[in-house]
Amino acid sequence: MFTIHTGADGSAVAVERERVVALADVDALRAAYPGARVREWPGEVRAGEAWDGPLPDAPSPRERVHTLLLRGVTAVAGRSLDEDPALAPAAARVGLPVGSPARLAPGARADFAVFAEDGSCLATVLGGRLVHRRA
């Protein structure tokens, strides 16, 4: 299934399964993929952030990883997961990769985030899956 994520500036990303299919303005992608689901975001769709350092404190490893998703993080340095053996499995369960963030380009893994004008994260997508959406 195709999903098109659109930003407030009219730019858009077309995703099929876990891969970016195309980047273009929203009208071009709607025309190219008429049956696609369209998610309209009131912010900028762009590559996510990298995290290099200890994970924020939270009651559980799952919640510590989730705090990264709330910030638009789409990749974490391996050493950031070393302090607790439960962190790596928690990151793997949500599909948070270890290493550098994926480039937002056709053929790349669909890892990106949507950021509001104030810099806050509205949504995080990992491997084409929406893993965080601000209510």
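The values are calculated or read from the model by the stated rules, or taken from the named source; none is laboratory data. Bear in mind that the values here come from a model prediction, so they are computed numbers and not experimental data. Virtual Cβ from ideal backbone geometry, glycine too; neighbours counted across all protein chains shown.
Output yes when any residue across the stretch 54-65 is free of Cβ contacts under 8 Å to residues at least 24 places away in the same chain, hydrophobic (A, V, I, L, M, F, W, C) and assigned by TED's automatic domain parsing to the domain that holds V125, and no when none is. So far as the stretch 54-65 goes, no, none of its residues is free of Cβ contacts under 8 Å to residues at least 24 places away in the same chain, hydrophobic (A, V, I, L, M, F, W, C) and assigned by TED's automatic domain parsing to the domain that holds V125. Tell me whether the stretch 69-79 contains one or more residues that are closer than 24 Å to A8 by Cβ and assigned to a helix (DSSP H, G or I). Checked the stretch 69-79: at least one residue is closer than 24 Å to A8 by Cβ and assigned to a helix (DSSP H, G or I). Would you point out which residue out of L55, L87, L68 is touching a strand residue (DSSP E or B) at 6+ places or on another chain (Cβ under 7 Å) and of a type outside the set (K, R)? Checking each option against the conditions leaves just L68.
Note on the stretch 32-68: among residues that are closer than 20 Å to A8 by Cβ and among the hydrophobic types (A, V, I, L, M, F, W, C), the one that is surrounded by the fewest Cβ atoms within 10 Å (Cβ to Cβ) is V38.
Candidates A116, A110, A90: the one that is touching a residue at least 12 places away in the same chain (Cβ under 8 Å), surrounded by 20 or more Cβ atoms within 10 Å (Cβ to Cβ) and not hydroxyl-bearing (S, T, Y) is A110.
Listed by position, the strands (runs of 3 or more DSSP E) inside the stretch 89-133 whose residues that are closer than 15 Å to E49 by Cα number at least 3 are 112-115, 121-126.
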